[in-house]
Amino acid sequence: MLEIGMKAPEFTLPDKDGNAVSLSDFTGKKVVVYFYSKDNTSGCTKQACAFADAYGTYKDQGVEIIGISKDTAASHKKFADKHELPFILLADPEHTALEAYGVWQEKTQCGKTTMGTVRTTFLIDEQGMIEKIWSKVKPDKNAAEILEYLAQ
């Protein structure tokens with residue numbers, strides 16, 4: 001179980017254009033890493049669009065945003081293009097980062113148990129340490145609550 005103050009697990013995953021992106025690429029910057037279930041679903045779209053709407057404020061503060069799901073790079077490309085998402089989306093179909101961050105978990109819906117992504121957001125500091133964790137995130141509130149935290 002990851003906790004505040006721990007080193008954030010390193011990852012290297014393809015972005016929507018197939019380019020390899022690593023967490024270590026952002027050493028020296030704060031990074032919001034948010035895990036979500038699936039491109040183009042209602043909650044995930046609300047969350048992504050909220051981050052897109054607040055993106056200028058994040059950039060002004062020197063904070064990068066990375067969204068990660070089990071979707072493919074091609075799916076991310078369509079999602080980003082459709083909703084004009086200006087931040088990084090990473091594909092993790094093998095669940096490498098999802099499992100390293102502990103967000104690939106058993107979920108029960110309508111009496112059926114399956115494995116899936118639990119919507120969770122991590123704020124990684126300039127040294128690659130976990131500064132804050134938001135669990136069981138509300139999709140439309142997540143971007144604003146992180147900005148509120150950063151303003152403290």
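The values are calculated or read from the model by the stated rules, or taken from the named source; none is laboratory data. Remember, it's a predicted structure, so these values are computed and weren't measured experimentally. Cβ atoms come from the backbone with ideal geometry, glycine included; neighbour counts cover every protein chain shown. The protein model used for the area step is the full one, side chains on, heavy atoms only, and it has no ligands, DNA or RNA in it. Shrake-Rupley method; radii C 1.70, N 1.55, O 1.52, S 1.80 Å.
At-a-glance table
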{"read-out": "Accessible carbon and sulfur surface of region 37-82 relative to its total accessible area, %, 1.4 Å", "value": "51"}
{"read-out": "Stokes-Einstein translational diffusion, region 77-117 - Kirkwood Rh over all Cα pairs, 0.692 mPa s, 37 °C, in µm²/s", "value": "268"}
{"read-out": "Dipole magnitude (debye, nearest 20) for region 90-145, charges at Cβ of Lys, Arg, Asp, Glu", "value": "420"}
{"read-out": "For region 95-152, accessible area per residue (1.4 Å probe, heavy atoms of protein chains only), Å²", "value": "57"}
{"read-out": "Dipole-positive endmost among 93, 63, 40 within the chain (Cβ charges, Cα centre)", "value": "40"}
{"read-out": "Given charges at beta-carbon only (K, R positive; D, E negative), |dipole| of region 1-148 in Debye", "value": "540"}
{"read-out": "Surface per residue (accessible, 1.4 Å probe) for region 1-68, Å²", "value": "46"}
{"read-out": "Formal net charge of residues neighbouring residue 140 (Cβ-Cβ distance under 15 Å; K, R +1; D, E -1)", "value": "+2"}
{"read-out": "Hydrodynamic radius (Kirkwood) for the chain, which is based on Cα pairs only, to one decimal in Å", "value": "15.4"}
{"read-out": "Computed label-point distance, nm, for sites residue 84 and residue 19 using a 7 Å Cα→Cβ extension", "value": "2.1"}
